[in-house]
Amino acid sequence: MTNDAPDVFDPRLYAAGPPYAAYRELRDHLPVAWQAEPEVLGWPAGPGFWAVTRHADVVRVLKDAGSYSSALGATQIRDPDPADLPFIRRMMLNQDPRTGPGADDPAHQDHGRLRRLVSRAFTPGRIERFEALARERARALLTAARDGAEDGVCDLVADVTDDYALLNLTDLLGVPPGDRGLLLEWTERVIAYQDPDEPRVTGDDGRPVNPRSPAMLAEMFAYARQLAAYKRERPGDDIMTSLAHGELGGAELEMFFFLLTVAGNDTVRGAAPGGLLALAQHPAQRAVLMNHQVAVDTAVEELLRWHPPVLSFRRTAVRDTELAGRRIAAGDKVVVFHASANHDERVFSDPHRLDLTRAPNPHVSFGDGPHVCLGAHFARLQLRVLHEEALRVLPRTELAAPPRRLVSNFINGIKSLYLRVR
């Protein structure tokens with residue numbers, strides 16, 4: 001299967017930022033385009049996939065779990081080892097809701113039950129109680145970065161946003177302070193596996209080892225069991241206490257710890273520097289925010305549209321179907337591109353312009369459908385607080401060097417963001 005579609009698969013493309021020109025070409029001419037999966041950075045070649053780039057089609061795929069499964073091949077572009085798939089399906093992210101025909105198929109697990117159990121722990125009230133702590137943390141980190149800036153320049157990723165995201169998450173989970181560095185190490189291992197700067201773990205065949213394989217997650221899972229046991233003896237007002245005293249089985253609890261650790265950390269860890277970068281690059285829009293011409297909540301939605309933390313997610317076609325005039329065969333990989341959907345001219349007026357007053361703003365940065373991000377409320381709170389404090393502590397910033405971006409077609413990460421602060 002061949003076509004002349006521009007490549008949006010190669011992770012190395014994303015070191016320069018999302019390929020918006022290629023996305024637009026696809027949206028205009030090949031909104032559902034076949035992409036090859038050549039061997040890249042030591043990772044083996046794959047069978048190829050359909051790239052979905054228009055907003056309406058992305059939403060359709062995300063909402064239609066009956067046609068586009070999260071369980072059949074999991075949610076990463078690269079196919080997992082078939083032997084690992086039953087293990088990977090323990091995670092709610094890689095399950096399907098029990099709806100419609102085939103609901104009793106093993107690939108359709110009780111996604112709804114697990115989601116409800118975790119929703120009870122991830123309550124708005126618990127999250128709101130973290131606001132004062134998050135505000136104090138944001139102010140302290142920003143002040144230290146400003147006051148310690150060498151020649152007026154600081155790296156807001158290393159000095160502020162990495163710690164801000166990690167420490168907020170570990171407080172919510174109830175991770176003891178001495179263990180918090182472990183969560184960052186595990187997150188880096190899973191999220192940054194495509195980046196050449198990340199140490200590579202290889203198997204006996206010399207090939208990179210999938211960071212989501214059972215062997216690579218054994219250490220994290222052992223810690224999750226230990227933390228759950230600790231919380232049963234010493235309960236606190238945190239999510240791990242709720243989960244440890246709830247209905248989750250051991251394997252389910254381990255997978256939730258993995259999901260919350262990685263997704264909960266990297267959502268804010270990606271979105272926070274992306275938003276600060278956007279404001280530094282658009283001083284007129286920053287002035288709109290400084291002058292209180294727009295609510296910070298509204299501005300955060302536009303910053304999320306502009307810099308979504310997740311670039312893509314994969315589904316697998318359950319049956320032969322059709323999408324945007326393309327015939328999709330059962331078993332084909334279908335990959336939605338959030339960053340492209342967020343810049344679709346069919347939905348957003350002048351989408352390549354940062355407009356902090358934009359409303360409505362139906363971006364898909366937190367997904368849609370049955371897998372919409374459970375922690376979206378927590379992420380929005382953290383981003384709002386961070387930007388409110390940044391306006392007070394760092395009223396004037398300008399870019400001091402081009403940002404260094406993560407080499408990844410999955411996470412829209414920024415590895416360093418050097419800003420001149422005044």
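The values are calculated or read from the model by the stated rules, or taken from the named source; none is laboratory data. The structure displayed is predicted, hence computed values, not measured ones. Positions of Cβ are generated from backbone atoms using ideal geometry, with glycine treated the same way; all protein chains shown enter the neighbour counts. Side chains included, ligands, DNA and RNA excluded: accessible areas come from the protein's heavy atoms. Shrake-Rupley method; radii C 1.70, N 1.55, O 1.52, S 1.80 Å.
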inquiry  = With an 8 Å Cα cut-off and a minimum separation of 6 or more residues, compute the relative contact order for segment 317-377 in percent.
reply    = 21 percent
ask   = How much area per residue is accessible in the chain when the probe is 1.4 Å and only protein heavy atoms are counted (Å²)?
value = 40 Å²
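Order R326, R116, most accessible first, counting only protein heavy atoms with a 1.4 angstrom probe. Could the numbers behind the result be given before it?
Numbers: R326 75, R116 140 Å².
Greatest to least solvent exposure: R116, R326.
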key: C-alpha center-to-center spacing [segment 379-422, segment 21-99] in angstrom   = 29 Å
Answer label for Cα extents along the principal axes in Å (calculated), chosen among [x] 72, 45, 38; [y] 57, 57, 43; [z] 62, 49, 41 = [y]
task = Using a 1.4 Å probe and ignoring any ligands, DNA or RNA, find the accessible area of L227 and quote it in Å² to the nearest 10.
result = 10 Å²
key: segment 207-270: relative contact order as a whole-number percent, Cα under 8 Å and 6+ apart   = 29 percent
query = Residue-wise, which Karplus ³J(HN,Hα) couplings in Hz belong to segment 378-386, taking 6.51 cos²θ - 1.76 cosθ + 1.60, θ = phi - 60°, and x for glycine or proline?
reply = 5, 5, 4, 4, 4, 5, 4, 4, 4
Accessible area of segment 1-60 belonging to carbon and sulfur atoms, whole % at 1.4 Å probe = 54 percent
message = Below 17 Å, Cα to Cα, which lysines can K333 reach? Residues fewer than 8 away in the same chain don't count.
response = K63
note = So the FRET efficiency between A144 and T357, C-beta based with R0 = 35 Å and rounded to 0.05, is 0.65
request  = Heads up, I need the accessible area for H245: 1.4 angstrom probe, whole protein in place, Å², nearest 10.
outcome  = 100 Å²
note = Between L399 and A132, the two model label points (7 Å from Cα along the beta-carbon direction) sit apart by a distance in nm of 3.9 nm
Percentage relative contact order, the chain, counting C-alpha pairs under 8 Å, at least six apart = 26 percent
inquiry  = With a 1.4 Å probe and all protein chains kept in place, how do K231, K415 rank by accessible area, largest first?
reply    = K415, K231
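Given R₀ = 56 Å, what would the calculated FRET efficiency be for S416 paired with R98, taking r from the Cβ atoms and rounding to 0.05?
Values: r = 44 Å, r/R0 = 0.79.
Once the sixth-power term is evaluated, E becomes 0.80.
Calculate how large, on average over all directions, the projected area of the Cα convex hull of segment 277-422 is; give the answer in nm² to one decimal.
10.2 nm²
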message = Considering only protein heavy atoms and a probe of 1.4 Å, how much of the accessible area of segment 165-289 is carbon and sulfur, as a whole percent?
response = 54 percent
task = Multiply the residue separation of T298 and E322 by 0.36 nm, subtract the distance between their alpha-carbon atoms, and state the gained length in nm to one decimal.
result = 5.1 nm
ask   = Hey, which aspartates and glutamates would be in cross-link range of K231, C-alpha to C-alpha under 16 Å, not counting anything within fewer than 8 residues on its own chain?
value = D171, D179, E247, E254
